[in-house]
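Report on the structure given below.
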Amino acid sequence: MTFDKLPGRWLASLSGLISVLVAFSAQAEYELNMTQGVTPISQEIYNLHMIVFWICVVIGIGVFGAMGWSILYHRKSKGAQAANFHESTTIEIVWTVVPLLILIAIAIPATATLLNLENTDNADIEIQVTGIQWKWKYTYLDEGVTFVSSLAQESRDVMNSDPTGHENYLLDVDKPIVLPINKKIRFLFNSDDVIHAWWVPELAVKQDALPGFINDSWAIIEEPGVYRGQCAELCGKDHGFMPIVVHAVGEDEYAQWIAEKKAEAAEVAAMAAQEFSMQDLIAQGETVYQANCAACHGPTGAGIPGAFPAMTGSAIVTGPIDAHIDIVLNGKAGTAMAAYKGQLSDVDLAAVITFERNSLGNSVGDLVQPSAIKNAR
Amino acid sequence: MSTEITHGDVHEEHHDHGPDKGLMRWVTTTNHKDIGTLYLWLAFIMLLVGGAMAMVIRLELFQPGLQWVEPQFFNQMTTLHGLIMVFGAIMPAFVGLANWLVPIMIGAPDMALPRMNNWSFWILPFAFTMLASTLFMEGGGPAFGWTFYAPLSTTFAPDSTDFFIFAVHLMGISSVMGAINVIATILNMRAPGMTLMKMPLFVWTWLITAYLLIAVMPVLAGVVTMMLTDRHFGTSFFDAAGGGDPVLFQHVFWFFGHPEVYIMILPAFGIISAIVPTFARKPLFGYSSMVYASASIALLSFMVWAHHMYTVGMPVAGELYFMYATILISVPTGVKVFNWVATMWRGSMTFETPMLWALGFIIMFTIGGFSGLMLGVAPVDTQYHDTYFVVAHFHYVLVTGALFSIIAAFYYWVPKWTGHMYDERLGKIHFWWSTISVNLLFFPQHFVGLAGMPRRIPDYSLQFAEFNAISSIGGFAFGLAQVFFLYIVIKTIRGGVKATDKVWEGATGLEFEQLPSPPPYHSFTVAPQVK
Ligand SMILES: [Cu+2]
């Protein structure tokens, strides 16, 4: 091939550019455009997105083309003389009606998709999703399985230094939610505090989790895999740090996971009857504290003045233990201090309270056993 | 002819009516030109303050990880950046332009209510000082986003929120007074022969904007008052535990908020409709359809508020209605763009700085319009909502839209205001520098948004790193370009080639045809006759 001629050169560089772009977008497709996702709805939404996008591109070519033409050819420096027309009812009607028809063409498929999206009837599985500053609680309503899922410790460890190289930084959790494929799953959303929004792009589910009201949405996942998402509604300080991880698995694996979760719960319940040493409680409490309390009260217990009280030297933490147990169990209405009795087990509660009293610069010297928490509930 | 008459008036009869000297001139002034200047300077200062906050945001987002600021402070930056840009930069800039231009465009000697005019301005510096002071209070400033959704802004907000509420009340009072003034001026003080359908489009769009302001600013005042009583006086408007509903907040807020975005773009339409004909040397195409399109946009803007709330769990019938009404707005908006293009068509175009900014506006505002149409399609919005795609969208309409039109207006009218031409070479550098950097800044945000990056997060996962770095570099460059603009502004005020009275070869309108550059302190003390 000869590149001597100018058009040849143009073509060559154009094809070069295109191949670079294609290579780039093949490798980075996910980074440039909306995902097609793994549910029927996500695919429909993607198609609709692309239709509207291409309509915009075509209109854009028309408008910017006409503008570009004027700019190139109707310029004074080229000797262009200004015409004097400034009105045409016909043209005005045309460019009112044609866009209207285009809009109707968009509205028809959009209506169908929306109706489909909102149809949560006949679900196989129902899962309650509760937003809590800054984690998600999942309750499998049919199975009685419930757990809280928060940002993985690995992400927390590196966020103040350099996270490069940490795969799934900020998109990993301690306990992922496991869902079966090819089942209609209905999610029920609510919140314990402010408004959050549960969003997993591959499932095309984004729904606000409201305090005091229940919203719902649904998904049928067609491919097994790991799908990640984030909270999408500003919910305070750590809004950026409450990710979602979904493991979509086959039916058998799902059943097995449910069984494991139930066994785990039974084990935790049995542990509540045991007596623990101070050391064990403090060691366990440290983990619970860092995962659940440090976001507000600070990793060292210093709090944030004006917003979240310090644990170090706090009158409640260093005072009578009953008041301490009460605020952690029941929270304080009208403040960001949530009730933890629905989120943590008896052991974890006993551990974190004991930890606060005997660490973070405090040394009250007493401890509380899980059995006492059980009674206080 | 009438130019001379105006001159004569000033020198022979009103020579004692020149401006006072010193600081008190600005404090006590009731002159529309002085007040316009004050508003424009306030807007510029706020642009730089809000811009500095944007720089903090872009700095933190330059690379993954938390390097510069704490998440809580980051949230204060996004919140105050939004509030300051909306209420401190864009809106006062348009009010400043209205003050300067409406009287000299309609042949009036001043605004109808000059003392109130002084008050509307002087409230604002106090409001913004109060708002900014929250940053130094215990617990920090407001950190719940410029949309301040309850209950994050009520039960879960810092104490400084009460100062925020009071500041918003003051801004609202100022805006409503400004709007009343604009309406009273336009309806009562037009020169003989200036019928409504002969008014320049800037006057028309401001008249419509003023009605929008009067209709919705009280709604904003209402919603912050409800917050205040929820916070302190035991009501539960937004608290489900007391029988209220947090979603009610969003309905009330967006009933204000959606017309608000048109408040920030309608005057821009007026500016572009003045500039394009001048440099195409051809009358505006479809004047009356422009007026009707502006009015229909304004009406529709009251009926689409819940398109900001597609994920909040509305009944499906509501979502369908809001989707249809929303995408309908693209029809009158399209008409505007088509009319501008038709005005250029077969014109005799030149490309002085104001025209460059106007052309930039048309192209980039249209891009923002396209993403707006996409966002209006409810089921797809499930994926776009609260991502960087939305951030890209509204920055295209508000920065390359509203802000670009304000800058275009500056270059277009500053020779009239000061009697000095700006430096054409610097103006062009400013345009290209801003245009390239602003696209580096906001275009990649479409991509990260589509790929799943939520807005209002201080840190992000690694796959968004490249585009965020590009965006930050664009942001720093764009910020610097506006410091350069400050230099151009000061240079132009201080001196420059003397501007002719007509300023531009193709300029039309009373301000160019009947007033000298600069106009006397009191102009049109005798009303001109409009043919
Ligand atoms: Cu959240």
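The values are calculated or read from the model by the stated rules, or taken from the named source; none is laboratory data. Remember, predicted model here, so these are calculated numbers, not experimental data. Every residue, glycine as well, gets a Cβ built from its backbone with ideal geometry; the counts of neighbours run over all protein chains shown. Accessible surface areas use protein heavy atoms only, side chains included; no ligands, DNA or RNA. Shrake-Rupley method; radii C 1.70, N 1.55, O 1.52, S 1.80 Å.
What to note about this one:
- Among the conditions (1) open to solvent by 30 Å² or more (accessible area, probe 1.4 Å); (2) in a helix (DSSP H, G or I), the only one that residue B:234 does not satisfy is (2).
- Residue in region A:292-301 that is within 16 Å of the ligand (Cβ to nearest atom) and more than 13 Å from every other protein chain (Cβ to nearest Cβ) present: yes
Yes/no matrix, rows are residues, columns are (1) away from the ligand (no atom under 16 Å from the Cβ); (2) of a type outside the set (Asp, Glu); (3) under 30 Å from residue A:367 (Cα atoms):
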residue: A:174; (1), (2), (3): yes, no, yes
residue: A:177; (1), (2), (3): no, yes, no
residue: A:186; (1), (2), (3): yes, yes, no
residue: A:258; (1), (2), (3): yes, yes, no
residue: A:267; (1), (2), (3): yes, no, yes
residue: A:280; (1), (2), (3): yes, no, yes
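- Members of region A:129-165 that are part of a strand (DSSP E or B), away from the ligand (no atom under 16 Å from the Cβ) and not aromatic (Phe, Trp, Tyr): A:139, A:145, A:146
- The requirement of being within 12 Å of the chain's Cα centre (by Cα) and more than 9 Å from chain B (Cβ to nearest Cβ) is not satisfied by residue A:199.
- Inside region A:202-214, residues that are facing chain B (nearest Cβ under 7 Å) and within 14 Å of the ligand (Cβ to nearest atom) make up a count of 5.
- Residue B:331 being at pLDDT below 95 and in contact with a helix residue (DSSP H, G or I) (Cβ under 9 Å, 6 or more places away or on another chain): yes
- Within region B:115-127, tally of residues that are touching a Ser or Thr at 6+ places or on another chain (Cβ under 7 Å) and either acidic (Asp, Glu) or within 15 Å of residue B:96 (Cβ to Cβ) (or both): 5
- The set of residues in region B:328-339 that are assigned to a helix (DSSP H, G or I) and either under 14 Å from residue B:258 (Cβ atoms) or open to solvent by 20 Å² or more (accessible area, probe 1.4 Å) (or both) comprises B:328, B:330, B:333, B:338.
- Selected residue (only one of B:164, B:144, B:62 is within 18 Å of residue B:256 (Cβ to Cβ) and in a loop (DSSP other than H, G, I, E, B)): B:144
- In the condition set (1) at the interface with another protein chain (Cβ under 10 Å from one of its Cβ atoms); (2) of a type outside the set (S, T, N, Q); (3) in contact (Cβ under 8 Å) with a residue 24 or more places away in the chain, residue B:358 is compliant with all but (1).
- Reported count of residues in region A:168-187, each being more than 10 Å from chain B (Cβ to nearest Cβ) and either free of Cβ contacts under 8 Å to residues at least 40 places away in the same chain or open to solvent by 20 Å² or more (accessible area, probe 1.4 Å) (or both), is 8.
- Within region B:508-531, the set of residues being on the phi < 0 side of the Ramachandran plot and crowded, with 21+ Cβ neighbours inside 10 Å comprises B:510, B:511, B:512, B:514, B:515, B:517, B:519, B:523, B:528.
- Boolean, residue B:154 is within 14 Å of another protein chain (Cβ to nearest Cβ), assigned to a helix (DSSP H, G or I) and open to solvent by less than 20 Å² (accessible area, probe 1.4 Å): no
- Test: residue B:112 is open to solvent by less than 10 Å² (accessible area, probe 1.4 Å), outside any helix (DSSP H, G or I) and either over 28 Å from residue B:401 (Cβ atoms) or out of contact with any Lys or Arg (no Cβ under 9 Å at 6 or more places or on another chain) (or both): no
- Within region A:222-255, restricting attention to residues that are more than 16 Å from the ligand (Cβ to nearest atom) and farther than 22 Å from residue A:167 by Cβ, the residue that is surrounded by the most Cβ atoms within 10 Å (Cβ to Cβ) is A:254.
Yes/no per residue for (1) aliphatic (A, V, I, L, M); (2) at the interface with another protein chain (Cβ under 10 Å from one of its Cβ atoms):
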{"residue": "A:218", "(1), (2)": "no, no"}
{"residue": "A:221", "(1), (2)": "yes, no"}
{"residue": "A:230", "(1), (2)": "no, yes"}
{"residue": "A:244", "(1), (2)": "yes, no"}
{"residue": "A:247", "(1), (2)": "no, no"}
{"residue": "A:253", "(1), (2)": "no, no"}
{"residue": "A:270", "(1), (2)": "yes, no"}
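- Look at (1) among the aromatic types (Phe, Trp, Tyr); (2) in a helix (DSSP H, G or I); (3) in contact (Cβ under 8 Å) with a residue 60 or more places away in the chain; (4) open to solvent by 10 Å² or more (accessible area, probe 1.4 Å) and you find that residue B:310 fails only one, number (2).
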